[in-house]
Every structure is written in C-alpha cells, then in structure tokens.
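See structure below.
What follows is calculated from the coordinates using simple rules that are stated; it is not laboratory data. Bear in mind that the values here come from a model prediction, so they are computed numbers and not experimental data. A quick note on method: Cβ atoms are made from the backbone with ideal geometry, for glycine too, and the neighbour counts reach across all protein chains shown.
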Amino acid sequence: MRQINLLPWREEQRQDRQRNFLILMAVVAVLAALAVFLVKGYFDSQIDGQNARNNYLRAEIAKLERQIARIDQLDETRRQLINRKEVIENLQSNRTLMVHLFEQLVRTVPDGIRLISVRQVGDQLTIDGTAQSSARVSTYLRNLEASPFLHDPTLRIVEAEAEETDRELPYRFAVNVRLAAPDNDESNESREASAP
C-alpha cells in the first residue's frame, strides 16, 4: 500500500522559507546598518580632519594678521622717525640761515639805499625800502642776485614818492626774494673769498 504523508509539509516548508527570509532580512539589515555606520564614520572622520585643517588655517591666519598688524605699526613708527629725522636735518641745515640772512642784508645794501622793513613768510622775503635813484635799486638787485643765500630777486615796485618827505631818498621800492642755503658750499666759500 502506498504511504500517504499527512504531515503538513507545505506548512513546514513555508515556515522554513519565512524563517530563512527573516534571517536573511536580519543579516541584510545588520549589514546595511554596518555599512551606514562605516560610511558615516568615514565621512565624520573626513569632516573632523577638514575641521582640524580649517582650525589650523584659522590659527595661522590669525598669527599672520597679528604679524601684519605689527609690521604696520613698525612701518608707522619708521615713518614717524623718518619725519622727525627730516625735521631735525632741516633745523640743522637752517640753524644758521637767519644769521646768514642778516649778514647778507647788510652786505648787499649799497650806498644810497635804506631798508624800511623785511617780512618773511616761509622762505619768501619782502623787502621794502627807499633809494636815491632807480639805478641804486638796480645795483641792489644785482647784489641780491650775487648773494649765495638770497635767490630769485623780483622787483615789485619802484616809484617816486608823491610827498617828498625825504629829499635824499625820493624813490620807494619793494623786492621779493627767496631765502635758501647755497647749493654748493665750495662755490659759497669762493664767492666770499672774492668779496671785498
């Protein structure tokens, strides 16, 4: 006689498949979770590395900015020192200029001329005076031109005074001249040596 298997084999087969499916799903889920964890860990380490590099760069940039600020301060200090040095050099070079100015005013005035006023604005002088004649004024201009400290004399005015209060010096004049140190000390010494 034939044997009939009345056991629910299909049911068992279905349960086996279901169990295998659930195990496979669990393994796939664990592998997926592991893959996600590994990928996340990799990207987190990349982000951490990049953040560390960014922080290093920020620290170096801050250090460089402090150095640049210090360099700017040193440049400003250097500029101030150079300006002070130039002022001191100008004072040194112009220290005796006033003495030379008064000396040249005395040396350049010919007979027949009297100076009334001398005004200085910066390096420009305005000299007002009276003269016996316009020829005396011309001589005075030539003397100013020959002076090593007085440059570019310009005659502003020469006129006979309307009121002849001073019959000896009837002409009034005004001269502009620039005060400056001589360009070459040797030429100055040779001029002074040749002067009577």
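What nm value, rounded to one decimal, do you get for the distance between Asp152 and Ala181 when each label is placed 7 Å out toward the C-beta? Label-label distance for Asp152 and Ala181, simple model: 1.9 nm. Extension gain, Ala32 to Gln50, is 3.8 nm, computed as 0.36 nm per intervening residue step minus the present C-alpha separation. Where only DSSP H runs of four or more residues are counted, the chain gives -22500 deg cm²/dmol as its mean residue ellipticity at 222 nm, each run worth -39500 (n - 2.57).
So if a site counts as exposed when it's one of the trypsin sites (Lys or Arg not before Pro), its DSSP state isn't H, G, I, E or B, and it has at most 13 other Cβ atoms within 10 Å, what's the longest stretch of the chain without one?
Numbers: sites that count: Arg2, Arg95, Arg167.
Answer from the scan: 3-94.
Backbone geometry of region 97-110 corresponds, through the Karplus equation with coefficients 6.51, -1.76 and 1.60 at θ = phi - 60°, to 3J(HN,Hα) couplings of 5, 5, 4, 5, 4, 5, 5, 5, 4, 5, 5, 7, 6, x Hz, x marking Gly and Pro.
Pick the calculated Rg/Rh (Cα atoms, Kirkwood Rh) for this structure from (1) 1.00; (2) 1.94; (3) 0.98? Among (1) 1.00; (2) 1.94; (3) 0.98, the one calculated here is (2). Couplings 3J(HN,Hα) of region 77-86, computed from phi: 4, 4, 4, 5, 5, 5, 4, 4, 4, 5 Hz, in residue order, whole Hz [Karplus 6.51 cos²θ - 1.76 cosθ + 1.60, θ = phi - 60°; x for Gly and Pro].
Determine the shape class of region 86-142: with a ≥ b ≥ c the square roots of the Cα gyration tensor eigenvalues, call it rounded for a/c under 1.5, and otherwise prolate if a/b is greater than b/c, oblate otherwise. It comes out prolate by the Cα gyration axes.
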